[in-house]
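Structure record follows, encoded as structure tokens.
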Amino acid sequence: MPRMVVGNDTLLMRHHPTCGWFWTGLEGDQRIAPSVHFIHPHANLSIPATGSVDLTSILTTQDSVFVDAASATAAAEIGTPGECFDGNRVVNVLHPWQNNEERSELPIYARAGNLTGNQKVMTALENYWYSYEFTEANTKDQQWGNDYAKFEVHSYYTRPESGKLVFPHSFLLTDLFPEHEYEVWLVPYGREFKILRAEPNPTVINLYTPWETNVPAGIIDGDTIPMPQVKGLCGWYSLVLWEEPDLWNVNFKQSLGFEVYTQNGLEEGPAFDLNDEIEVGDTLWLMPNPYPSGNPEITKSFPDVFGECPTRTLAVMLMDWADTDKDFGGVYNGDGKHGTKCPNLQLNMVEEFLGPNGLPVKSDKIDSSCTASENIEGWFIPQEIQDSYTNAVCYDLPLEFDHEGFWLADIAENQEKGIDGFFPLDDFIWLDEAQTIRNPKHQIERESPHNFLFTMVVDAQFSYHPGQYFEFRGDDDVWVFINNRLVVDLGGVHGPEEGAVDLDTLGLTIGDEYSFKIFFVERNCCGANFKMRTSIDLRTERSFFGLQVQAEPGVDSYEIWQILKEEAMSCDFSNTSGKADTIRAPAIFTLTGAQFGQESVRLKAGENYGGIFITSKFDGINIDTAAIVRNRALAPGPYVITATHASDPSLTFRINFTVPTYPLPSITFTDSLGVEIDPDTVELGEWSFVPYPVYIQAHYMGVPCDDCSDELSLTSPDSLQFVDENKKNINKISLDSGRAVFWVVGEAVIKNGSFTVKSKSVQNELIWRNINLKEPPVPFLRYANIFDRDGDGYADSLILVYSRPLKGKDLPDSLEWQWGTNPVQKVGHKEISTYIKADTSIIIADPKLLPELFTGDKNGESYFGNSITYFTFIDDDKESGAEIVPFEIAGSIADSVGPVALNAEISLGKSMDTLFVDLSESMELDSIDLDNLFEFIAWRDGENVGANVKPFVSIEKAQGSKWLLMFSTSQNYTVTMGDSLRLNPNLNTDLSSNFAHKDNPWVRIVGRQRTSIDVVGVVDLNPETAPKENSPVVSEVLVGTDSKIEDVIKEQGVPGHLIRYDLSNLYELYGEDLDPDDMVVEYETYYYTNLGAYVNNNKTKIKCTDKIFDGHCGNTSGYMFLGWNMRSADGRLVGTGPYVVKLNMRIKIKDVVVERIKNVQSWGIRRK
């Protein structure tokens, strides 16, 4: 059932009489301007998905409101009925064999003892989900929950030779369906089901595999999760997560092998951090860029990149036989030409190990029923038929990747797919290419539908890795040898039989190379089936390869070679092969990698990309990465060159190389035209307090770098300040198209000064030394400070003190200055003299000096304002006559404005309240006194107890401008809405060492006021002292905030509601501008017997200016007590017994409900 969240409270909802609807009630603080949302108890699901539903407008006029989940909007009337609850239990199962190509399309079955009978087929849903429903009557059966009726999932093959497959994980039904749980979802993880209590919303991470022939597996929260192929999208594999992990940190590894894919590429490293990229239910697509080892490009939609479906062929050798050959034809029943037979599955027909020639050896343990086995050792040796032609031919056995990452060759009889079976020699009609010599062993020559009777040899190698597996299904004789040892023994003439081997049981050494051989025989009409499925990366002998040869240092050089065999077939890798020759081979070269994404570029003869050289005959290649870097021809990162045989595209090999990170750019000082200058021979300037421009140019390997955009830091051990084009103080500058300009100002007379320009992203640092700046011939700024005299956070006075009197020829022309986010302030020539005080100072004071509150930086750095004073200097010493020289005297404005609190908001919780405080600037954290950071005003019972408020203080952000204050609800002294706080004066400082002003402003705490209503208990009713018959049903009294319910009842002589809500705090929150007549309290009380019989009720509206508040609720602190006169509607006193009392209260401001209070209590009346 859904839950409703209001504020910090989560409320259980119950079935409404209308199907599909649920209800709950709001009480206490929950009634104040309620905004709500709804959640699933077991899933991260919310309605609405973001934000909340505001119920205020409807609850202003009525007590019920209806929210339709479809639109997530509130309505005054109930909407369309939904689905009725029937009490049945539903189990949903994700098909455990969905990635098994033979079983995925077959139904699955549920079994739970007699509750399901033998078994029941489950209802097919979408996306491989199946469902089974237990009735409410099933749950009352005596078998419900016992071991006999465990829930199991089965699969059945439709073929007669295959039977039931049972998923190994079963459940007691009481474990599947605890109390109040009616639907579950089972998701297979390996050999176990994971139980989900909410409808799954899987999160899918699709990875474009960085390994062409190996399936990835995902690693998250320490678990390795298989990744099936995304159906229909070759190269893509899915990591499906049915539950939200602790962190979305994901690595990938080969499912069979040791290679990994991490932030460090195809080597061990930190996991990919997807926490900012993903939410539950998302589907992400991760594409390595550059391929295959770069960090992934992450998108939430398919990036339109299609990989090639992994396929390969194994070069196998086939030998054609006829029924004239011994051991072939009619050997099941012995009705062949030789009268021999070898029916059914026969074991021990060959020895455990291969012979010296690499072929099976006939065993002396052959069963006597198998007489058709005389020439086993000749079945796999080519036989000359005519004119030196043999019965052998090469055949490419096709393999493809299945969804689970296994190499699969499935050539079995399948009428639905139109496949008769495995008949690879149907077209071996001619022995010669000219088609002049017929093959006498071909069965079609004997009017047979296929060329039956043949043998096949698969001769390959592989590197062993844990987890490798091989399975086979076929007919007739099949023997598989690994490392020359028999591992699958399916001899005899029989229908399709299955065999398998787990390579982990063979004692192989990880990483070593081993031989792999299959000997397959089809020696009886009329069916032929061949299916092999393996995770082994099988390889036949290389006949096309690159040979690395010695070259210049730093250059990788390869020659391209091909093996040509004479006197033997290319697919015959046995020890009886003829001689071979190795020759140079032309190739087609293509380049993929960092710069090209998934595209490939064909390389030409000669130079490519500044450092890749192809020979004129395309039979060699040199890769000079140093030359590539010099020419900046390829982006840094990994690359792959694929060489493909010019006349046989099936022959390829790959060369991997990496372009290293380019060397860092260098920087130089230049003049304004970009010409490099030597700071040792060029003067920066002549005068202190005057800004002088400095130009920087970036170079890459001696050439101006137009695309450099690095950030440079500026430092000086002397009184040199750096400013930007707006004359704001800076300590760093960014390159723009490889160039940067800033200004240097001497803030005192400088002798042999210096400054440094450097960055981690450039290879050198610049130092300008021997800077000598003398005192200017006009007054310069000794210091400047800006103040906040009244402590309100607005700067209201500025003082600038100069080196000598500002009069006569030293009178400034004008002044510009800026403080924080305020606009630039300008003082013109006509008015500047009015601000000159004591000859050497300019003082500007005005309570409304600046329009914006600004006290300093909120990002953890000290702040300075800036100023420019303009002078005109007349130099009379020039021989050519007086010279007029304009001067701009720059100076910093020091921060003397103390910090202030900007706002404070309380958030109420069940056990802990949180007060969020935002300050105007960062505080100095090293010396801060956390226990006395703030002062509080908290009036309780006419006394300010703010000094007793002691919160737990923590910093929300490291720069120290945002704070969290935590209050336990069990504390004696805490704060509430309407209380105030401010920074404690003279105890803590900002980053400029300014204390909070003694008059820094108090900030009213906003939020919600905690409300409670005391429980009455039992009250004695004395008819002689009870309220008179014509008395009001409810009497309204204002009592002190320290009052106890027992004392109030005793004093008033009647039971009632003591509502602990101080209206004066609410009024003060809305400010003095609020008309008291605009604040109104409306309430309704209803009184019933414990059996629900109506007794009495009362409805009243109380204004803020009514008598109970002494004419003004904002000036009168206290709690309302609503006393009941204990009389029924006809005026009679009630009798002894329990009574149910309901209270509905609304507090309105200008007809808008700002607080709702609802309460239901049981009171006891004892009549004397």
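Does THR10 qualify as being more than 26 Å from LEU186 (Cα to Cα) and in a loop (DSSP other than H, G, I, E, B)? Give the derivation first.
On the way: more than 26 Å from LEU186 (Cα to Cα): yes; in a loop (DSSP other than H, G, I, E, B): no.
Judged against the criteria, THR10 is not a match.
Kindly indicate whether TYR182 is surrounded by fewer than 18 Cβ atoms within 10 Å (Cβ to Cβ) and touching a residue at least 24 places away in the same chain (Cβ under 8 Å). Walk me through it before giving the result.
Details: surrounded by fewer than 18 Cβ atoms within 10 Å (Cβ to Cβ): yes; touching a residue at least 24 places away in the same chain (Cβ under 8 Å): yes.
Judged against the criteria, TYR182 is a match.
Residues in segment 761-776: is at least one on the phi > 0 side of the Ramachandran plot and either assigned to a strand (DSSP E or B) or at pLDDT 95 or above (or both)?
Let us first name the residues in segment 761-776 that are on the phi > 0 side of the Ramachandran plot, namely 770.
After this cut, where a residue has to be either assigned to a strand (DSSP E or B) or at pLDDT 95 or above (or both) as well, the list is 770.
Yes, there is a match, as at least one residue in segment 761-776 is on the phi > 0 side of the Ramachandran plot and either assigned to a strand (DSSP E or B) or at pLDDT 95 or above (or both).
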Given the conditions (1) within 17 Å of LEU684 (Cβ to Cβ); (2) surrounded by fewer than 21 Cβ atoms within 10 Å (Cβ to Cβ); (3) within 38 Å of the chain's Cα centre (by Cα); (4) of a type in the set (Gly, Ala, Ser), which single one is not true for ALA740?
(2)
List the number of the failed condition for ALA627; all other conditions in (1) surrounded by 18 or more Cβ atoms within 10 Å (Cβ to Cβ); (2) in contact with a strand residue (DSSP E or B) (Cβ under 7 Å, 6 or more places away or on another chain); (3) free of Cβ contacts under 8 Å to residues at least 40 places away in the same chain; (4) among the aliphatic types (A, V, I, L, M) hold.
(2)
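Could you list, in sequence order, all residues of segment 123-151 that are assigned to a strand (DSSP E or B) and under 35 Å from the mean Cα position of the chain (by Cα)?
In the first step, residues of segment 123-151 are kept if they are assigned to a strand (DSSP E or B); the result is 123-124, 129-134, 151.
Result: THR123, ALA124, TRP129, TYR130, SER131, TYR132.
Tell me which residues, restricted to segment 385-414, are in contact with a strand residue (DSSP E or B) (Cβ under 7 Å, 6 or more places away or on another chain) and among the β-branched types (Val, Ile, Thr).
First, pick out the residues of segment 385-414 that are in contact with a strand residue (DSSP E or B) (Cβ under 7 Å, 6 or more places away or on another chain): 390-403, 406-413.
Across segment 385-414, the qualifying residues are THR390, VAL393, ILE411.
Do you know which of the residues in segment 2-23 that are closer than 21 Å to SER907 by Cα and out of contact with any Asp or Glu (no Cβ under 7 Å at 6 or more places or on another chain) is modelled with the lowest pLDDT? Step through it out loud before you land on a result.
Filtering segment 2-23 for residues closer than 21 Å to SER907 by Cα gives 3-11.
Pick out the ones that are also out of contact with any Asp or Glu (no Cβ under 7 Å at 6 or more places or on another chain) and you get 3-6, 8-11.
Details: ARG3: 87, MET4: 90, VAL5: 90, VAL6: 89, ASN8: 81, ASP9: 85, THR10: 87, LEU11: 88.
In this case the residue turns out to be ASN8.
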Which of the residues belonging to segment 1114-1148 are of a type outside the set (Gly, Ala, Ser), modelled with pLDDT of 90 or more and closer than 30 Å to GLU943 by Cα?
TYR1119, MET1120, PHE1121, LEU1122, MET1145, ARG1146, ILE1147, LYS1148
Checking the structure you have, find out if any residue of segment 671-684 is in contact (Cβ under 8 Å) with a residue 60 or more places away in the chain, among the acidic types (Asp, Glu), surrounded by fewer than 16 Cβ atoms within 10 Å (Cβ to Cβ) and touching a Lys or Arg at 6+ places or on another chain (Cβ under 8 Å).
yes
Per the filter on segment 25-56, residues under 27 Å from the mean Cα position of the chain (by Cα), hydrophobic (A, V, I, L, M, F, W, C) and part of a loop (DSSP other than H, G, I, E, B) are ALA43, LEU45, ALA49
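Does ASP1078 satisfy the condition of being of a type outside the set (Val, Ile, Thr), without any contact (Cβ under 8 Å) to a residue 12 or more places away in the chain and in the same structural domain as PRO1032 (by TED's automatic domain parsing)? Don't jump to the end; show me each part of the working.
On the way: of a type outside the set (Val, Ile, Thr): yes; without any contact (Cβ under 8 Å) to a residue 12 or more places away in the chain: no; in the same structural domain as PRO1032 (by TED's automatic domain parsing): yes.
When the stated conditions are applied, ASP1078 does not pass them.
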Do you know which of the residues in segment 76-121 that are assigned to a loop (DSSP other than H, G, I, E, B) and charged (D, E, K, R) is nearest to TRP407 (Cα to Cα)?
GLU101
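Tally up the residues in segment 645-704 that are of a type in the set (A, V, I, L, M, F, W, C) and in a loop (DSSP other than H, G, I, E, B), please.
So in segment 645-704, the residues of a type in the set (A, V, I, L, M, F, W, C) come out as 646, 651, 653, 655, 657, 659, 664, 667, 669, 673, 675, 677, 682, 684, 687, 689-690, 694, 696, 698, 701, 703.
Keeping just the survivors that are in a loop (DSSP other than H, G, I, E, B) gives 646, 651, 664, 673, 675, 677, 682, 684, 689-690, 701.
Residues in segment 645-704 being of a type in the set (A, V, I, L, M, F, W, C) and in a loop (DSSP other than H, G, I, E, B): 11 in total.
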Does segment 498-523 hold any residues that are part of a strand (DSSP E or B), among the charged types (D, E, K, R) and buried (at least 18 other Cβ atoms within 10 Å of the Cβ), and which are they?
LYS517, GLU522
Does LEU925 fit the bill of being over 29 Å from GLN818 (Cα atoms) and not β-branched (Val, Ile, Thr)?
no
Which of the residues belonging to segment 270-287 are at negative phi, in contact with a Ser or Thr (Cβ under 9 Å, 6 or more places away or on another chain) and not hydroxyl-bearing (Ser, Thr, Tyr)?
PRO270, ALA271, PHE272, ILE278, GLU279, VAL280, ASP282, LEU284, TRP285, LEU286, MET287
For residues in segment 166-198 being within 25 Å of LEU106 (Cβ to Cβ) and part of a loop (DSSP other than H, G, I, E, B), which is modelled with the lowest pLDDT?
GLY190
Can you list residue pairs whose Cβ atoms sit under 9 Å apart, with the first residue in segment 5-30 being over 18 Å from GLY87 (Cβ atoms) and the second being part of a loop (DSSP other than H, G, I, E, B) and basic (Lys, Arg)? Count only pairs 6 or more apart in sequence or on different chains.
GLY7/ARG1008; ASN8/LYS910; ASP9/LYS910; GLY28/ARG1010; ASP29/ARG1008; ASP29/ARG1010
Which of the numbered conditions does GLY28 fail, given that it passes all the others? Conditions: (1) surrounded by 13 or more Cβ atoms within 10 Å (Cβ to Cβ); (2) of a type in the set (Gly, Ala, Ser); (3) within 24 Å of ARG197 (Cβ to Cβ).
(3)
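Between ASN8, ASN88, ASN99, which is in contact with a Pro (Cβ under 9 Å, 6 or more places away or on another chain) and of a type in the set (S, T, N, Q)?
On the way: ASN8 fails: in contact with a Pro (Cβ under 9 Å, 6 or more places away or on another chain); ASN88 fails: in contact with a Pro (Cβ under 9 Å, 6 or more places away or on another chain).
Only one candidate passes the filter, namely ASN99.
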Taking ILE832, is it modelled with pLDDT of 95 or more and not charged (D, E, K, R)?
no
Could you tell me whether segment 926-934 includes any residue that is surrounded by 15 or more Cβ atoms within 10 Å (Cβ to Cβ) and in contact with a Gly (Cβ under 7 Å, 6 or more places away or on another chain)?
no
Considering only segment 1100-1123, I want to know if a residue exists there that is without any contact (Cβ under 8 Å) to a residue 12 or more places away in the chain and within 48 Å of the chain's Cα centre (by Cα).
no
Single residue of segment 307-354 satisfying the filter (assigned to a strand (DSSP E or B) and hydrophobic (A, V, I, L, M, F, W, C)) that is farthest from GLY597 (Cα to Cα)
VAL350
If you go through segment 1010-1068, how many residues are in contact with a Phe, Trp or Tyr (Cβ under 6 Å, 6 or more places away or on another chain), assigned to a loop (DSSP other than H, G, I, E, B) and closer than 19 Å to VAL1154 by Cβ?
1
All-but-one check, LEU314 against (1) surrounded by 15 or more Cβ atoms within 10 Å (Cβ to Cβ); (2) of a type outside the set (D, E, K, R); (3) under 30 Å from HIS442 (Cβ atoms); (4) at pLDDT 85 or above, failing number (4)
Output the residues belonging to segment 73-122 that are within 34 Å of the chain's Cα centre (by Cα) and within 30 Å of THR61 (Cα to Cα).
THR73, ALA74
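Step by step: first the residues of segment 148-165, then only those that are among the aliphatic types (A, V, I, L, M) and more than 11 Å from GLN119 (Cβ to Cβ), then the one that is modelled with the lowest pLDDT. Which residue is that?
LEU165
The values are calculated or read from the model by the stated rules, or taken from the named source; none is laboratory data. Everything quoted here is computed from the prediction, not taken from an experiment. Quick reminder, even Gly has a Cβ in these numbers, built from the backbone with ideal geometry, and neighbours come from all protein chains shown.
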